[in-house]
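**Q** The following block contains the structure, expressed as structure tokens.
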Amino acid sequence: KAGCKIYMNSARSRGNLMPDLKRATNFEFDGYLCAFTNIYLGSDAQTTLMHYLMPSEQTERFIDYCVKYSYWAFIELENELPYFIKIHGDVKYSDEEYAEFRRQALEYLKDKPVIKFNCCPPKSSGYFAINIEEENPGVNFIRGVDYYETYRQGYGKGIILQKFAELQNIDFDRCIHFGDSINDKNAFEVAKISVGMKKTPKEIQHLCTYVAKTKFGVAEYINKVLLKKIKQEKLLHIALLLYNIALDKSPIL
């Protein structure tokens, strides 16, 4: 009612997220940004504005990496649920079993649109392999609590938000990004107004314009800040209008 548009800006693929949204709510939002590659419009995310996928050679290289280091992994697909490579780091597999993991993954993913990769190190290792980017050129990573979230270089929630604003002729300075995860870091850095939830990791809260004090962070910011800001802008607009009318000595007064 205040004239704002709402877009879901998620790191999850359309195939992964949409079923959950449909089950959880009938709320109609204006569009969906798959934050590491694609932009779709409409609450059903059907109209495509921007569409880039992981090259097949990167997918194959990533699978080889997971097999090499015994990483449990899941690969996000555009229109389907993620594909899981269930390699348990605490289990000693034979060379034939490792080869079978690779074969099954490549066979299933053949000709399927891949959005991004995620991998988890074996708990017994106690560390992440430091060469994930070296062995997967063209891919960046975000280090989560117990996993790597990897994506194509040149992408991120903030970059996609900026590209979207340009495509839709939206004033980027008036875009607000709400986020609660380490993968919101890029958006917090890029967006002119960024709002962190109460559970946003401490190490990136300093990037936020506003950090919520309650668990209802979106509602908190809308009620405490945004609606007041909109009201002030409307009052200013009316004041300027009246001022211009007064200068013209309009008979309206």
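**Q** Considering only segment 199-253, state which residues are over 30 Å from Gly179 (Cα atoms) and basic (Lys, Arg).
**A** Within segment 199-253, just Lys249 meets the criteria.
**Q** Do we find that Gly144 is open to solvent by less than 80 Å² (accessible area, probe 1.4 Å), on the phi > 0 side of the Ramachandran plot and not hydrophobic (A, V, I, L, M, F, W, C) in this structure?
**A** no
**Q** Sort out which residues of segment 1-13 are outside any strand (DSSP E or B), open to solvent by 20 Å² or more (accessible area, probe 1.4 Å) and touching a Leu at 6+ places or on another chain (Cβ under 9 Å), and write them in order of number. Write out each step before concluding.
**A** Narrowing segment 1-13 to residues outside any strand (DSSP E or B): 1-6, 11-13.
Retained after the next criterion (residues that are open to solvent by 20 Å² or more (accessible area, probe 1.4 Å)): 1-6, 12.
Of everything in segment 1-13, those that are outside any strand (DSSP E or B), open to solvent by 20 Å² or more (accessible area, probe 1.4 Å) and touching a Leu at 6+ places or on another chain (Cβ under 9 Å) turn out to be Ala2, Cys4.
**Q** Quickly run through segment 190-246 and pick out the residues that are in contact (Cβ under 8 Å) with a residue 24 or more places away in the chain and among the small types (Gly, Ala, Ser).
**A** Matches in segment 190-246: Ala191, Gly217.
**Q** Determine which member of the set Tyr243, Tyr221 is on the phi < 0 side of the Ramachandran plot, open to solvent by 100 Å² or more (accessible area, probe 1.4 Å) and at pLDDT below 95.
**A** Among Tyr243, Tyr221, only Tyr243 is on the phi < 0 side of the Ramachandran plot, open to solvent by 100 Å² or more (accessible area, probe 1.4 Å) and at pLDDT below 95.
**Q** Hey, among the residues in segment 16-27 that are under 13 Å from Asp44 (Cβ atoms) and modelled with pLDDT of 80 or more, which one's most open to solvent (accessible area, probe 1.4 Å)?
**A** Filtering first and then ranking leaves Pro19.
**Q** Checking Ile85 against (1) over 20 Å from Leu161 (Cβ atoms); (2) within 19 Å of the chain's Cα centre (by Cα), which test does it fail?
**A** Here Ile85 meets the rest and fails (2).
The values are calculated or read from the model by the stated rules, or taken from the named source; none is laboratory data. In this text the structure is predicted, and so the values were computed from the model without any measurement. Ideal geometry is used to build each Cβ from the backbone, glycine not excepted, and the neighbour counts take in all protein chains shown. Just so you know, the surface numbers come from the protein's heavy atoms only, side chains and all, with ligands and any DNA or RNA stripped out. Shrake-Rupley method; radii C 1.70, N 1.55, O 1.52, S 1.80 Å.
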